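The values are calculated or read from the model by the stated rules, or taken from the named source; none is laboratory data. Quantities reported herein were computed from a predicted structural model and do not represent experimental measurements. Here Cβ is always computed from backbone atoms with ideal geometry, including for glycine, and neighbour counts include all displayed protein chains.
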Amino acid sequence: MKKYIYADHAATTQLDSEALEAMLPYMRNEYGNPSTLYLMSREPYNAVKSSRQCIADVLGADKDEIFFTSGGTEADNWAIKGSAFRFTGQRKRIITSIIEHHAVLSSCEYLEKIGFDIIYLPVDRKGCVDQDTLESAINEETVLVSLMMANNEIGTIQNIRELVKIAHAKHVLFHTDAVQAVGHIPVDVVSLGVDMLSASAHKFCGPKGVGFLYVKEGTVLHELFSGGGQENNMRAGTENVSGIVGMAVALEKNCREMEKNTIYLCSLIKYFKEELKKTELSYILNGSDNRIPGSISVSFENAEGEMLLHRLDLMGIAVSTGSACNSKNTELSHVIRAIEVPKQLAYGTIRITLGTDNTMEDVKSIVDAIKRILL
Ligand code: PLP
C-alpha cells in the first residue's frame, strides 16, 4: 500500500511512543486524584510534581511558574483575559499583532467588546513586527503586549527578546504565544524576559488537550477558571495527570534532540526548495528565513490552495492551506493578507510542515504531486 505522507506537523504531531508509555500507568492503575489525601494519590501527585519540574528545567523557569492548562488556546485566553480582568470597567490598552493565532485574536476581540482598547500591530512582508511601531503604540493605559514567538502559517520567528525590552522599558507586561516554538527552537524564559508564555503538548509529539502557561513569579494574573484549589489556586480543575506526564516526556525528548532534528528538517526543506525550483511552476515562498525548522509556506500563481489541498489529499498527502485550526475556512487567511501576498498568488497558498518522520522521498513525492496537479 502507498505510504500516506503527513506534512502538517504544525497542525498536530503523532504522540511520541516514550510519552505514550509514560502515560499509560496513569490511565490504568494509578488513576488516583492527585489532590486527595490518601496513599493512592501519592504516585499521581508525584508524577505531576516531577513533570512540572522537568518542564520548568527545560525552559529555564522555576517549577512554581508553570501552570498546566488544557492546551494553547486556554493558555492564550488566560494570559490575555487574566491580565485584562484586573482592570474590568476601565479602558485599558492591550497590544497584539494582526497575524496572531485566533486564540489570541478572539480573546482580544472579546475584550474589545467589553470596553478594552485593542491595538493590532501590522507586520512587514516577512511577518515581523516593527520595534518602533510597538514602542509608539504603548501608552500609559497599556497593560499587556501579546506577540507570538513563531507564526503558525508562515513559520516566521519574531525577535521576542527585543520586543520584550521595549514593553518592559514602559513597565508593560509581555505575553508570548510560543505554541509553535516550544520543542522546536530553543526557548529560555529568562533570556527572553517574557512575563507569560503559552505552549501546547500536541505540537511537540505530546498528547492533545494539555499545555501550560508560564507565569513569571510576581506577575499578577486573574484566574480564568473558578473551582478547586489546583495549580496553586490559579487554575481550578482536576489535573490531566497522564497528559501532563506525556507532555513532560515529549518536551524533554524534543529539546534533547533539537539540534539533530533541526539539521534534518532543514535538509528536507532545502531539498524541497531545490526540487520546486527545477519545476516550471510560478510561486513565491512566504515568511522570513528565520523560521521554524521543517516549515514552508508557498503561494502558487493562479492556483487555489483549497483545491490543491484536496487533490493532494486524494493522492495521500496531507498539507494545510490557511491556519492549522481553521483549514475549513475558505476565506483568504488573515496572515497571508497581512503580509500582502499579491492576489494572483495569495489564493494559491499552501503550508507544508515536515516532521522527523518525513523522508527525502516524501519531499520528492510532494513536489511531484504538486507538479502533476498544477502543470
Ligand atoms: N497558538 C498557536 C500559534 C497555534 O498554532 C495553536 C494551534 O494551532 C494554538 C495557539 C492553539 O493551541 P491548542 O490546539 O493547544 O489549543
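Exactly one residue among I166, I154 is within 15 Å of R337 (Cα to Cα) and of a type in the set (V, I, T), and that residue is I154.
When you look at A11, is it within 16 Å of the ligand (Cβ to nearest atom), under 26 Å from Q158 (Cα atoms) and outside any helix (DSSP H, G or I), yes or no? Yes.
Would you check which residues across region 86-107 are more than 16 Å from the ligand (Cβ to nearest atom) and on the phi < 0 side of the Ramachandran plot and list them? R86, F87, T88, Q90, R91, K92, R93, I94, I95 - these are the residues of region 86-107 that are more than 16 Å from the ligand (Cβ to nearest atom) and on the phi < 0 side of the Ramachandran plot.
Condition check: touching a Phe, Trp or Tyr at 6+ places or on another chain (Cβ under 9 Å) and either within 22 Å of H334 (Cα to Cα) or more than 15 Å from the ligand (Cβ to nearest atom) (or both). Does V143 satisfy that? It is true that V143 is touching a Phe, Trp or Tyr at 6+ places or on another chain (Cβ under 9 Å) and either within 22 Å of H334 (Cα to Cα) or more than 15 Å from the ligand (Cβ to nearest atom) (or both).
Each row is one residue, and each column tells you yes or no for (1) in contact with a Gly (Cβ under 6 Å, 6 or more places away or on another chain); (2) buried (at least 23 other Cβ atoms within 10 Å of the Cβ); (3) among the hydrophobic types (A, V, I, L, M, F, W, C); (4) under 23 Å from E239 (Cβ atoms).
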| position | (1), (2), (3), (4) |
| --- | --- |
| D62 | no, no, no, yes |
| L111 | no, no, yes, no |
| I114 | no, no, yes, no |
| Q131 | no, no, no, no |
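For region 14-23, the candidate set comprises residues that are surrounded by 14 or more Cβ atoms within 10 Å (Cβ to Cβ) and over 30 Å from L312 (Cβ atoms); within that set, the residue that is nearest to the ligand (Cβ to nearest atom) is M23. Mind checking whether some residue in region 67-84 is surrounded by fewer than 17 Cβ atoms within 10 Å (Cβ to Cβ) and away from the ligand (no atom under 16 Å from the Cβ)? No, region 67-84 contains no residue that is surrounded by fewer than 17 Cβ atoms within 10 Å (Cβ to Cβ) and away from the ligand (no atom under 16 Å from the Cβ). Against the test of being aliphatic (A, V, I, L, M), assigned by TED's automatic domain parsing to the domain that holds G60 and closer than 17 Å to W78 by Cα, the options L192, L221, L251 yield a single qualifying residue, L221. Test M27 against the stated conditions and say whether it is away from the ligand (no atom under 15 Å from the Cβ), farther than 27 Å from N151 by Cβ and either surrounded by 21 or more Cβ atoms within 10 Å (Cβ to Cβ) or within 22 Å of the chain's Cα centre (by Cα) (or both). No: the conditions fail for M27. Note on region 188-228: residues that are of a type outside the set (D, E), closer than 24 Å to K165 by Cα and either crowded, with 24+ Cβ neighbours inside 10 Å or within 11 Å of the ligand (Cβ to nearest atom) (or both) total 9.
Residues in region 150-191 that are of a type in the set (S, T, Y) and either within 18 Å of H9 (Cα to Cα) or under 17 Å from the mean Cα position of the chain (by Cα) (or both): T156, T176. Among residues belonging to region 34-66 that are touching a residue at least 60 places away in the same chain (Cβ under 8 Å) and touching a Pro at 6+ places or on another chain (Cβ under 7 Å), point out the one that is nearest to the ligand (Cβ to nearest atom). Of everything passing the filter in region 34-66, V48 is nearest to the ligand (Cβ to nearest atom).
Within region 78-103, being in contact with a Leu (Cβ under 6 Å, 6 or more places away or on another chain), more than 22 Å from G211 (Cα to Cα) and of a type in the set (G, A, S) holds for one residue alone: S97.
Scanning region 118-162 for residues that are touching a residue at least 24 places away in the same chain (Cβ under 8 Å) and either small (G, A, S) or not assigned by TED's automatic domain parsing to the domain that holds H175 (or both) returns G127, A137, S146, A150, G155. Please go through region 270-281 and give me each residue that is among the hydrophobic types (A, V, I, L, M, F, W, C) and either surrounded by fewer than 17 Cβ atoms within 10 Å (Cβ to Cβ) or part of a loop (DSSP other than H, G, I, E, B) (or both), ordered by number. Hit for region 270-281 is L281, nothing else.
The helices (runs of 4 or more DSSP H) falling completely within region 282-375 that include 3 or more residues that are at pLDDT 95 or above and within 21 Å of the chain's Cα centre (by Cα) map to 334-338.
Criterion applied to K49, K81, K3 was being part of a loop (DSSP other than H, G, I, E, B), within 28 Å of the chain's Cα centre (by Cα) and among the charged types (D, E, K, R), and the one residue passing it is K3.
Figure legend. Inter-residue proximity from region 100-117: first residues among the polar types (S, T, N, Q), second residues assigned to a helix (DSSP H, G or I) and within 16 Å of the ligand (Cβ to nearest atom), beta-carbon distance below 7 Å, spacing 6+ or different chains. Indicated pairs: S107/D76; S107/N77; S107/I80; S107/K81.
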